[in-house]
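For reference, the structure is listed below as structure tokens.
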Amino acid sequence: MKKLILLLALGLSLAGCSSMKSSKDGNTVSLTGKIEKIGMTTYQYGTHTIQSNHKTYALKSSNVDLNSYENKEVEVVGTKVPGYPVENGPELIEVSSVKVK
């Protein structure tokens, strides 16, 4: 019985570790454009938007102050947030860095 519990705990811990995604899995994006504050939208996520390659993306960040880059041409690096887009809205990007062009 103890061996079964130990094997189960080991298996669950390995399964939890293998679910972590690498940055090379295609979720990392680099976008160039002008950051704008989100106004009223049909979708309700993100704090800012950027239009890059004729496509709009919603942006959010827990470590970059996107307000300081409003109305500036920038390069944004971040990761796609799983589960988005919703409600016919844009893809949501968690921004990790911003560089002014």
Phi-derived 3J(HN,Hα) across the range 91-101 with the Karplus relation (6.51, -1.76, 1.60, θ = phi - 60°), rounded Hz, x for Gly and Pro, is 5, 9, 10, 8, 7, 9, 7, 9, 10, 6, 7
Work out the count of Lys pairs in the range 47-101 where the Cα-Cα distance is under 17 Å, with the pair 8 or more places apart or on different chains. 6
Return the long-range amide H neighbours of residue 29 (sequence gap of 5 or more, or a different chain), with a cut-off of under 5 Å between placed amide H atoms. 78, 79, 80
The set of residues whose placed amide H lies less than 5 Å from the amide H of residue 35, leaving out same-chain residues fewer than 5 positions away, is 71, 72, 74
If amide H atoms are modeled at 1.01 Å from N in the peptide plane, then the residues at a separation of 5 or more from residue 61, or on another chain, having amide H under 5 Å from its own are 95
Taking θ = phi - 60°, what integer Hz values does the Karplus form 6.51 cos²θ - 1.76 cosθ + 1.60 yield along the range 46-56, in sequence order, with x for Gly and Pro? x, 10, 9, 10, 9, 10, 9, 6, 6, 9, 9
Mind giving me the FRET efficiency for residue 27 and residue 71? R0 is 22 Å, r the Cβ-Cβ distance, nearest 0.05 is fine. 0.20
Apply the Karplus curve 6.51 cos²θ - 1.76 cosθ + 1.60, θ = phi - 60°, to the phi angles in the range 66-78 and return the couplings in whole Hz, x for Gly and Pro. 5, 4, 6, 10, 4, 6, 10, 6, 9, 10, 10, 10, x
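Values in this text are rule-based calculations from the coordinates and carry no lab data. Being a predicted model, the structure only gives us computed values, none of them experimental. Positions of Cβ are generated from backbone atoms using ideal geometry, with glycine treated the same way; all protein chains shown enter the neighbour counts.
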